[in-house]
Amino acid sequence: MLKLQEIIIPSKTAEKTMFYRGETTLKCGKTLSFDTYFNSFSYTKYRDYTKADDVTFSCKFKGKACVALCYFDGEEHIIFQKEAESFAELHTDLSRLPERGFLYPKILAITDCVFIEGGYYSECEPSKIKACIAICTYKREQFVLKNIKLLRSRKFSFIERVFVVDNGKTLDSSALSDDYIKILPNKNLGGSGGFTRGIIEANDESCSHVILMDDDVKFFPETLEHITIFISILKTEYIDSCLSAAMLLLSEKEPYIQWEMGGNWTGRCIESRKHNADIREKSVLMDNLDNNYVKYGAWWCFCMPLSLVKNGLPMPFFIKLDDVEYGLRNSADTTVITMNGAAVFHESFENKMNFTMDYYTIRNELTVSALHGENSLSAIMIFLSSIGKNLLFYRYENIPLICKAANDFLGGVDFFLTYDEEQLNSELRQRTIKLVQLAEFDEWNKDETEFLPNTKNKKGMLKAFVSNFLPCFFLKKETAAVAIPYASPENFIARKAVIQYQLDKQTGVLTKRSFGKFLKFGFVATATALKLLVNFSKIKKDFLARKGEITSFEFWRKRLTISEY
C-alpha cells in the first residue's frame, strides 16, 4: 500500500494541539486523538483531486487499546473501532463518507499505552514523477544551512534534487554540493531571479515538478513527502495542478495562527485566504477544506508542475508579487490546491517592515493590474491609496518613491528590459526612509511615551486629513508612538509628531506633521496620478502584447548570466 500521509509527532512543540489531543504516553482509560491540523486526513481533497478511493489507517503502539477511525463533518462520527494490542489497521471507502469532512483516529488506552507511529495508506498506484526543491537565499546562511541538513536527513519518495540558489554568493558551493544538493551562485536579481533560476535548473534536469521554497522557513520533512505523494496520485484532469502550502506563524507564542492558505487577487490588492485563523479549532479545519477563490500560492513553499513553463517564466519583478502574477497567468491551466497539514512556518511580514518594499509593491501591483485587471480605475486606486496613506502618516519622504514606482511602470516592457535590478535596489535603499535606533530620539521614553494600541483600521481618515490644515497651536504636543504595521489614520489626528517603530521596539522613524510637505508632495502625486490615468490603457496594451519578451527562457538566461557561474 502507498503511504499517503505520516503521523507527525514533533520532539518538542509549544502547542501540541496542532498535532494531537491528549498524550502520546497514555494511562489506562485516557484518550489520544488526531483530529488536528497536521494529523487529520482531508479525505475531501483526496476524493476530489486524486485516484485514491479508499484509505487505511495503520498504527503501532505499546500496550492494549481500542482504536477507532472517525470522521468529523461538524460533529464526530465513529466509522469503525476495534480492540488491538501493539498494532491496529482500520479501513474505509471514501465514497461512503459525507461530502465535506476529515478523517482521524482516536485511541482509548485499555492498559497503559505508548503511541509509536502511524499513517494513512491507500491501494492506489502513484504516477512516475521527478520532483526537486528550489530554495532562494540571500545571506541567510544560518537558516539555509539548517534546512539543507534537515533535507539530507530524510529519504523522499519523489524528491531527487535540491537546488539552493545563492543570490548573495556567500555559501561554499564546492563544499556543500553533491549529487543531491546543488549550490548555485547567482546574480542578485531578488527573489524573482532566484526562483526563476531554480525553475530553469529544474526544467533543464527534466524534473516534472519543482517545490519553490524560502530559505527562512521551518518545516517538517514529512510535509514535503505528503505534498509530493499527493501530487503523484492526481486524477488525469488535475495532472497540471499546483499545491500551495499554507503559512503558519513562526512564533513561540502563536504558532497555531494561520497567516494564509492560498491567495486571491481582488483587482486592487492581494487577498490572503483563511487569514489569521486558529488551526487548533476544528471549525477552522472544516473551513480549510474550501478551495474557492484561490488563484495563486505564495512561494514560501509551492509545488508546481514544470508543464506550466509553456506560459513563460516569472516576471522580472525583483521582489514582491512575482508569485501572484505567475499564479494569475497560469490560472486557466491549473488548479491551486490547499490542504490541512500542508504548511510551513514563516516569520510574520509585520515583524520586518521595510519602506523600500513600497516601491516594489506599487510598481508590481500596477503591472499585475495591467496584465490581469480590467480598467485604469483599479490602477489609479492602487496608486492613490498608497499616496494617501503616506500623506496621512507623515511619511512624506516616501512619496517620491511611490511616484517613481508609477513612472517606472509607465516605462512598460522597455523599462523591464533595460533596468539594472542590482543598481536600482541600491539606489532605492539610499533614497528610502531610514529606520534608526529608537534610543537616538529624545522623544523616545518607554515609561512616558504614549503607546497607541495595535488596532489596524481605517477609522478617522477624514479627521486625519482635515487636521493637516489645523494651525500648529491646535496640535497635541506630546509625541505618541505606534507600531508601523498597525498605524491607522486615527493615530495621527491633530498630532504634531509620531514615532513609528518596528514591532520589536528596537528601530523606527520619527515623523512630524508638515503642512508644506503635505501640499508639495500632494501636488506631485496628483500630477503623477493624472499621468497614470492618461497613459494606463496604452501601457496595458504594451504589457499584454509584449510580456513574452521579459518572461522567456532566452531573456532570463541572458539576464541571469548563467554561463558565468
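The values are calculated or read from the model by the stated rules, or taken from the named source; none is laboratory data. Here the structure is a predicted model, which is why all the values come from computation and not from measurement. Using ideal geometry, Cβ is built from the backbone for each residue, glycine included, and neighbour counts are taken over all protein chains shown. The accessibility values were calculated without ligands, DNA or RNA, using every heavy atom of the protein model including side chains. Shrake-Rupley method; radii C 1.70, N 1.55, O 1.52, S 1.80 Å.
Side notes on the structure shown:
- 31 Å Cα-Cα threshold exceeded, pairs from K130/K538; K51/K187; K62/K282; K3/K558; K12/K456: K130/K538; K51/K187; K3/K558; K12/K456
- Calculated mean residue ellipticity, 222 nm, the chain: -9500 deg cm²/dmol, from DSSP H runs (n ≥ 4) at -39500 (n - 2.57) each, averaged per residue and rounded to 500.
- Contour minus Cα-Cα distance for M357 and S552 (0.36 nm per residue): 67.6 nm
- The distance linking segment 356-418 with segment 272-337 is 23 Å (Cα centroid to Cα centroid, whole angstrom).
- Karplus-derived HN-Hα couplings along segment 132-141 (A = 6.51, B = -1.76, C = 1.60, θ = phi - 60°), whole Hz, x at Gly and Pro: 9, 10, 10, 9, 9, 9, 9, 6, 10, 4
- Spatial separation of Cα centroids for segment 469-509 and segment 216-265, in angstrom: 38
- Surface per residue (accessible, 1.4 Å probe) for segment 296-452, Å²: 35
- Residue among F219, M1, L470 farthest towards the positive dipole end of the chain, charges placed on Cβ: L470
- Per residue, the accessible area of segment 27-89 comes to 41 Å² when a 1.4 Å probe rolls over the protein heavy atoms.
- Note, ³J(HN,Hα) from phi for segment 72-85, Karplus 6.51, -1.76, 1.60, rounded to Hz, x at Gly and Pro: 10, 10, x, 8, 7, 10, 8, 7, 7, 9, 7, 7, 8, 10
- For K517, a cut-off of 16 angstrom between C-alpha atoms picks up these aspartates and glutamates, skipping any fewer than 8 places away in its own chain: E397.
- Coupling constants for segment 507-516 follow from the phi torsions by the Karplus curve (6.51 cos²θ - 1.76 cosθ + 1.60, θ = phi - 60°), and in residue order they are 10, x, 9, 8, 10, 10, 5, 9, 5, x Hz; glycine and proline get x.
- Surface share of carbon and sulfur [accessible, 1.4 angstrom probe, percent] for segment 284-397: 52
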